[in-house]
Amino acid sequence: MDLILETERLTMRPLELSDVDGFFAMNDNPNVNIYLRNPVRTKAEAEAYVQKIINEYHRNGISRFAVFLKENKRLIGFSGLKYRDTEENGYNNFYDLGYRFAEDQWRKGFATEAALAWLDYGFNTMNLPVIHASAVSDNVGSNTVLRKLGFEFTNEYMVNNSLHSWYKFGKHNFKR
């Protein structure tokens, strides 16, 4: 996969196995893992997770991308659109937006900046009519980002004994 997305401060490209150390460093933090369904706690789990994402690129043509700071080329997170062919909240075969960042990069606008680039790509390049997103309902940061972006809250639902908030964003509402 050759796609690279850039914003003012970020470069996003497909994850590679060579990113495992940086990916693990980002995830090796209980505050990053607190809301995850499948926390990454070991380097072996990080490698398996990166390989899973690489497999999604091959199968679906898209998935989460590594996010690097332009100023120092450090891997600080991941973000992107993911094709979901399994049921979630009554939906199948849809695209969702997701992101995760190292704790020292929170509250700097990186999740919003990366997500805006992905919304633009999804609506204007992929021509998607709608993009979904979800977040654990107690995850104030992620829910705030989704609302700030313009996602519409639709309902709450349970996954792995955890209450989640479900969002949708229609192409007709995207202004960029």
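The values are calculated or read from the model by the stated rules, or taken from the named source; none is laboratory data. Note that the coordinates shown come from a computational prediction; the quantities given were computed from them, not determined experimentally. Here the Cβ is made from the backbone with ideal geometry for all residues, glycine too, and neighbour counts use every protein chain on show. Ligands, DNA and RNA are excluded from the accessible area calculation, which covers all protein heavy atoms including side chains. Shrake-Rupley method; radii C 1.70, N 1.55, O 1.52, S 1.80 Å.
On a per residue basis, region 40-176 carries 50 Å² of accessible surface, using protein heavy atoms and a 1.4 Å probe.
Bridgeable lysines around Lys108 (alpha carbons under 17 Å apart, same-chain partners fewer than 8 residues away excluded): Lys70, Lys73, Lys148. Distance from the alpha carbon centroid of region 1-66 to that of region 100-176 works out to 17 angstrom.
In this calculation the C-beta distance from Glu87 to Ser18 is compared with R0 = 35 Å, giving a FRET efficiency of 0.55. Shown in residue order for region 38-45 are the 3J(HN,Hα) couplings computed by the Karplus curve 6.51 cos²θ - 1.76 cosθ + 1.60 at θ = phi - 60°: 10, x, 9, 10, 9, 5, 5, 5 Hz (x for Gly and Pro).
Applied to region 31-37, the Karplus parametrisation 6.51 cos²θ - 1.76 cosθ + 1.60 on θ = phi - 60° returns per-residue 3J(HN,Hα) values of 6, 6, 7, 4, 9, 7, 5 Hz, with x for Gly and Pro. For region 1-127, the fraction of 1.4 Å probe accessible surface lying on carbon and sulfur atoms is 46 percent.
The sum of -39500 (n - 2.57) across all DSSP H runs of n ≥ 4, divided by the residue count of the chain, sets its helix-only mean residue ellipticity at 222 nm to -8500 deg cm²/dmol.
Report the semi-axes of the equivalent ellipsoid for region 1-94 in whole Å, largest first, where each axis is √(5λ) for an eigenvalue λ of the Cα gyration tensor. Walk me through the intermediate numbers first.
Numbers: eigenvalues 89, 66, 33 Å².
Working through the eigenvalues yields semi-axes of 21, 18, 13 Å.
Couplings for region 113-127, taken from phi via the Karplus curve 6.51 cos²θ - 1.76 cosθ + 1.60 with θ = phi - 60°, read 4, 5, 4, 4, 5, 6, 4, 4, 5, x, 7, 9, 9, 7, 6 Hz in order; Gly and Pro are left as x. Annotation: aspartates and glutamates with alpha-carbon distance below 19 angstrom to Lys175 (same-chain offsets under eight excluded): Glu6, Glu8, Asp96, Glu113, Asp120, Glu152.
Note on Lys52: lysines with a C-alpha under 22 Å away, same-chain residues under 8 apart excluded, are Lys43, Lys82. Since only Ser79, Pro14, Phe169 are under comparison, the one whose Cα sits farthest along the positive direction of the charge dipole of the chain, derived from C-beta charges on Lys, Arg, Asp and Glu, is Phe169. For Glu16, the accessible surface of its heavy atoms amounts to roughly 80 Å² (probe 1.4 Å, protein chains only, rounded to the nearest 10). For region 88-176, averaging the sequence separation of C-alpha pairs within contact (under 8 Å, six or more residues apart) and dividing by the residue count gives a relative contact order of 29 percent. Based on alpha-carbon atoms, the Kirkwood radius and the radius of gyration of region 17-176 give Rg/Rh equal to 0.93.
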